[in-house]
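Participant: Sending over a structure as structure tokens; questions will come in a sec.
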Amino acid sequence: MMLHLIESQQFTKEIILKLFNRADELRTNKFNLFAGKVLATLFYEPSTRTRLSFEAAMLKLGGQVITTENAKEFSSASKGESIEDTIRIVGTYADCIVLRHYEDGASKKASLISNVPIINAGDGKGQHPTQALLDIYTIFRELGRINNIKIAIVGDLSHGRTVRSLSYVLGKYEGIELIFVSPPHLTIGLDIKEYLDKHNISWREETDLDKILPEIDIVYLTRIQKERMSSIEYFDAKGKYVLNERNLFLLKPTSRVMHPLPHVEEIDLSVEIEKNDPRIAYFRQAENGLYIRMAILEMVLLENEKIN
């Protein structure tokens with residue numbers, strides 16, 4: 001039973017498959033399940049895809065949405081109100097809260113006080129579980145499998161919550177090989193390495209992107225998160241790893257390029273290539289987020305109805 005969705009470790013392989021199947025159904029059929037239900041999207045950090053896809057998902061399921069896209073500035077948080085008090089109040093207006101926050105662990109803190117389901121839409125450098133689920137869903141749709149794949153995860157691996165959440169989910173599958181490519185000061189955390197070792201997931205660290213491109217099935221690019229580091233750290237990493245027309249040809253025809261978006265200098269491809277090269281999957285990846293989040297909302301809301 002999933003009353004709140006806080007971290008990727010909550011997903012079992014059975015839950016993941018169930019959500020995949022439901023997302024496929026929701027992609028082709030309309031279901032007016034949640035008339036009279038209200039979703040609150042409470043975002044203390046900027047978002048385009050996550051916030052709008054959750055809101056679109058709730059609307060497509062027949063519900064309604066109340067929202068704030070910059071709660072840090074345009075809510076009572078600017079007056080000093082605690083996250084606990086905000087959650088108590090918003091929970092009286094909505095049947096579910098999707099929360100994005102700049103502090104690690106904020107969603108866990110909110111879930112301990114909330115009377116309605118909390119869905120973590122990203123908390124600091126912590127986790128982003130719904131992104132991980134749509135990433136795995138995209139891999140499955142693009143490759144037709146999740147087991148026995150080689151994935152390069154590239155960029156800011158120190159601050160990337162999407163990378164952390166994806167690693168936790170991949171730890172549930174067999175035959176996974178991860179290659180972490182990052183600047184020396186932005187490597188993946190020791191806790192993730194220990195988790196992967198515990199679950200017998202093969203991993204290694206590399207510094208040369210071009211060297212590993214021919215051997216991988218998925219290249220998962222991430223941006224350098226300027227807002228989470230000093231200017232010196234940022235300029236030491238900026239532009240270090242870029243996928244462009246020069247090295248795109250190194251990828252196998254069956255490989256796929258993914259990115260949680262937004263992308264900045266780490267992808268330098270023309271719109272024509274993005275539209276016509278089947279290896280470019282990140283816009284399909286973003287679209288998949290709508291259907292996966294519809295399935296997640298349905299699961300969480302229906303589970304909570306059972307106990308209320």
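Participant: For region 6-151, count the residues as N, evaluate 2.2 N^0.38 Å, and divide the Cα radius of gyration by that value, please.
Facilitator: 1.10
Participant: How many nm separate the modelled label positions at Glu272 and Asn115, each set 7 Å beyond the Cα in the direction of the Cβ?
Facilitator: For the pair Glu272/Asn115, the computed spacing is 6.0 nm.
Participant: Show that you can apply the helix-only estimate: for the chain, add -39,500 (n - 2.57) for every DSSP H stretch of four or more residues, divide by all residues, and state [θ] at 222 nm to the nearest 500.
Facilitator: Value at 222 nm, helices only: -12000 deg cm²/dmol.
Participant: List every residue whose amide H lies under 5 Å from the amide H of Glu205, counting only residues 5 or more places away in sequence or on a different chain, with H placed 1.01 Å from N in the peptide plane.
Facilitator: Phe180
Participant: Over region 95-180, what lengths in whole Å, largest first, do the semi-axes of the equivalent ellipsoid take, defined as the square roots of 5 times the eigenvalues of the alpha-carbon gyration tensor?
Facilitator: After diagonalising the Cα gyration tensor, the semi-axes are 27, 15, 9 Å.
Participant: Using R₀ = 30 Å, calculate the FRET efficiency as 1/(1 + (r/R₀)^6) where r is the Cβ-Cβ separation of Thr207 and Lys252; round to 0.05.
Facilitator: E between Thr207 and Lys252, to the nearest 0.05, is 0.90.
Participant: Still on this model: So what's the angle, to the nearest 10 degrees on a 0 to 90 scale, between helix 161-170 and the longest Cα principal axis of the chain?
Facilitator: The two axes meet at around 80 degrees.
Participant: Using a Gaussian network model on the chain with a 10 Å cutoff between Cα atoms, which of Gly289, Gly36, Gly175 fluctuates the most?
Facilitator: Gly36
Participant: Hey, another quick one. Under a 10 Å cutoff between Cα atoms, tell me which one of Ser107, Ser202, Ser270 has the largest fluctuation in the Gaussian network model of the chain.
Facilitator: The residue with the greatest mean-square fluctuation here is Ser270.
Participant: For region 121-130, what does the Karplus curve 6.51 cos²θ - 1.76 cosθ + 1.60, with θ = phi - 60°, yield as ³J(HN,Hα) per residue in whole Hz, taken in order and with x for Gly and Pro?
Facilitator: Working through the residues one at a time gives 9, x, 10, x, 8, x, 9, 8, x, 6 Hz.
Participant: Here is a further query. Among Met58, Met2, which comes first, then next, by fewest other beta-carbon atoms within 10 Å?
Facilitator: Least crowded to most crowded, the residues run Met2, Met58.
Participant: Further, regarding this structure: If you line up the long axis of helix 13-28 against the longest principal axis of the chain, both from Cα atoms, how many degrees apart are they, to the nearest 10?
Facilitator: Taking Cα atoms only, the helix is inclined about 80 degrees.
Participant: Expected output is a single nm value to one decimal: the length gained when fully extending between Asn148 and Gln64, i.e. 0.36 nm times separation in residues minus the C-alpha distance. What is it?
Facilitator: Details: separation 84, 0.36 × 84 = 30.24 nm, distance 4.08 nm.
Full extension of this stretch gives 26.2 nm more.
Participant: Ile15 versus Glu103, label points 7 Å from Cα toward the beta carbon: distance in nm?
Facilitator: 2.4 nm
Participant: Right, something else. Measure of size requested: the Rg and Dmax of region 129-286, with Cα atoms as the atom set and Å as the unit; please supply both.
Facilitator: For region 129-286, the Cα-based Rg and Dmax read 14.6, 43 Å.
Participant: Just to be sure I understand the model, the point goes 7 Å from the Cα along the line to the Cβ. What's the resulting Phe283 to Thr187 distance in nm?
Facilitator: A separation of 3.7 nm, rounded to one decimal place.
Participant: Please arrange Lys193, Lys109, Lys30 by counting, for each residue, the other beta carbons lying within 10 Å of its beta carbon, fewest first.
Facilitator: So the residues, fewest neighbours to most, are Lys30, Lys193, Lys109.
A short reminder: the numbers here are calculations on the coordinates, not readings from a lab. This structure is a prediction, so every number in the text was calculated from the model and none was measured. Counting neighbours? That spans all protein chains shown, and the Cβs are built from the backbone with ideal geometry, glycine included.
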